[in-house]
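Taking it in order: structure first as structure tokens, then the write-up.
The values are calculated or read from the model by the stated rules, or taken from the named source; none is laboratory data. Computed from a predicted model, the values in this text were never measured in an experiment. No Cβ is skipped: glycine too gets one built from the backbone with ideal geometry, and neighbour counts run over all protein chains shown. These accessible areas exclude ligands, DNA and RNA; they are computed on the full protein's heavy atoms, side chains included. Shrake-Rupley method; radii C 1.70, N 1.55, O 1.52, S 1.80 Å.
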Amino acid sequence: MKKYISILLAMMLAVCAAGCGQTPETPSSEGTEPSAQSGEERDMPLQYGINAHIYEQRPMDPSSTMDYIVEMTEILGVECYRLSTPLESMFSVGEGDTPIFKEGFKELVHQIIEKMKSVGVKKFCAVSDSFIYPYGYQVTSNGAVPDPAVEAEMYMRWVKLFARAWGMIAAEFPEITYIEPMNEPDISGSNTFTKQGHQWGLDDGYKYTMTDKAHMIADLQYYISQEAKTANPDILVTTPGFATRGEGQDVLDYLYEAIESGAHPFDGEYADTDPDHYFDVINFHSYLGSTTIDEYFEHIDTFYKACERHGDAGKRAILTEWGFTDYDNEAQEILNGENMTKLLEMFDAKMPYFEGVYLYMLNDYYDFSVDASEDNFGLFSSRGDPEKPGCPKPDAVAFYKYIHNTEDIAPLYKFCPELMP
């Protein structure tokens, strides 16, 4: 513990001496055109995946039932699925910080895996967007994390509980290919990875710096890797699904720096500075938004190449969220269809480090709403939409044509054949 605190303080002083608030330098892309790296070629076909919120797991869009989502996944023809395994839904915690499966949810996940396998899904990326906590420990908001500087013992109890839970998931579900320990902890304004005292939805100042988060994520990654690989030596542990927006654009550099610092594992007797002992795969998210295709390439490529900047070149990567919202706007739908093909070509030809890319999301919301953006990320309209039930949008058509190398789009119109052009 003393080792961790002394090293962390020294690092923070060094950072501030160099200029607090600065971010790690990244190679300038000014004046360059996107291109594949010299000598790099894709050595395996790019794998395609999908995100979908199943109603039985998460009661959002009522028509997005497990059977319907499975059927739509089969129609789309992808081989990878981002499987929701939120720790809060999956476990209760008993005395001695013992994770205990909630049998109903565990069996539901088994059902989802079996049904997805039956329609051709071969790889599952299990992700949690919620936390569990040591027995008897109360938080002001799920997403708050014990502070290692003031709650060192509780912090380590939390880290090891978190890791044990993932080890149990790895043992229970051998079909899982990737463990994605958490979703977007690098977003500075979110409710995830905050200090104790934070109230959900409030900008109340209970925040960790990106340096703090990187050190805490390093501890989690180390212990999760140990537990998961003990349970299943073949499983791959990814970094969190980093959002890469705002302060998060440099979070991978921060994570490598935390590992290099020698401060981890937190309560270990020695420093482990081998990034392979923390994660096997770099996992992040990126959306085109209003940027150009070239700017999008540079953003992703610069983020990924933190591995090269830190002596870990060649690390495999997956993109577990990308895609388009159309804001329920027809002109935007058409533009998204055009951009879909461009991005697929770019991933395939210029980003050989990607093993898989997982679209967000399979279908729109209808009888459920977050906002105009979040409601309209679907490749398909909601099955509950009476005017166009489960109907493909232009980006779904472009995606299907590209990955299947076909002009026959009739399968996409199973639920709205009268709307097929």
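³J(HN,Hα) across the stretch 323-333 via Karplus (A = 6.51, B = -1.76, C = 1.60, θ = phi - 60°), whole Hz, x for Gly/Pro?
With coefficients 6.51, -1.76 and 1.60, one gets x, 9, 9, 10, 6, 6, 10, 5, 4, 5, 4 Hz.
For volume of the Cα convex hull per residue in Å³, the listed values are (i) 160; (ii) 147; (iii) 138; which was obtained by calculation from the structure presented?
Label (ii) holds the value from this structure.
Sequence-distant or interchain residues sharing an amide H contact under 5 Å with H264, placed H: which?
Amide H neighbours of H264: D272.
What residue among S369, S225, S261 shows peak mean-square fluctuation when the chain is described by a Gaussian network model with Cα springs under 10 Å?
In this elastic network of the chain, the residue with the biggest mean-square fluctuation among S369, S225, S261 is S369.
Calculate the all-directions average of the projected area of the stretch 99-255's alpha-carbon convex hull, and give it in nm². It would help to have the intermediate numbers written out before the result.
Working: hull surface 39.4 nm².
For the Cα atoms of the stretch 99-255, the hull's average projected area reads 9.8 nm².
Pop out the ³J(HN,Hα) list for the stretch 118-126 in order, Karplus 6.51 cos²θ - 1.76 cosθ + 1.60 with θ = phi - 60°, rounded to Hz; leave Gly and Pro as x.
Ordered by residue, 3J(HN,Hα) equals 5, 10, x, 6, 10, 10, 10, 10, 7 Hz.
Please give the peptides 63-70, 310-317 ranked by average Cβ packing (other Cβ atoms within 10 Å per residue), highest first, as a rough proxy for protection. Spell out each step's value before the answer.
Details: 63-70: 19.6, 310-317: 15.0.
Going from most to least packed, we get 63-70, 310-317.
To the nearest 10 Å², what's K350's accessible area with a 1.4 Å probe?
Near enough 70 Å² of accessible area.
Between beta-carbons, use under 9 Å as the cut-off and find the net charge around W158, counting Lys and Arg +1, Asp and Glu -1.
Numbers: positive: R157, K160; negative: D97, E151.
Combined, the nearby Lys, Arg, Asp and Glu give 0.
When the accessible area of the stretch 324-411 is split by element with a 1.4 Å probe, what percent falls to carbon and sulfur?
Numbers: 1700 of 3700 Å².
After summing per-atom areas, the C and S share lands at 46 percent.
Tell me which residues come under 5 Å, amide H to amide H, from L288 once H is placed; ignore anything under 5 positions away on its chain.
G323
Express the accessible area of the chain per residue in Å², computed with a 1.4 Å probe while the remaining protein chains stay in the model. Write out the running numbers ahead of the final one.
Values: 17700 Å² over 421 residues.
I get 42 Å² per residue for the chain.
How far is the Cα center of the stretch 287-307 from the Cα center of the stretch 364-421, in Å?
Between the Cα centre of the stretch 287-307 and that of the stretch 364-421, the gap is 27 Å.
Within straight cross-link reach of K305, meaning Cα distance under 24 Å, which lysines are found once same-chain residues fewer than 8 apart are removed?
Partners within reach: K213, K315, K342, K350.
In the stretch 97-159, carbon and sulfur make up what percent of the accessible area (probe 1.4 Å)? Intermediate values should be presented prior to the final figure.
Numbers: 1370 of 2550 Å².
Of the solvent-accessible surface of the stretch 97-159, carbon and sulfur hold 54 percent.
Tell me, what % of the accessible area of the stretch 186-285 is carbon and sulfur with a 1.4 angstrom probe?
Working: 1680 of 3620 Å².
Answer for the stretch 186-285: carbon and sulfur cover 47 percent of the accessible area.
Show L362, L236 ordered by accessible area, largest first, where the area counts protein heavy atoms only and the probe is 1.4 Å. Could the numbers behind the result be given before it?
Values: L362 0, L236 30 Å².
Listed by decreasing accessible area, they come as L236, L362.
Which of H110, H285, H53 moves most in a GNM of the chain, Cα contacts under 10 Å?
H110
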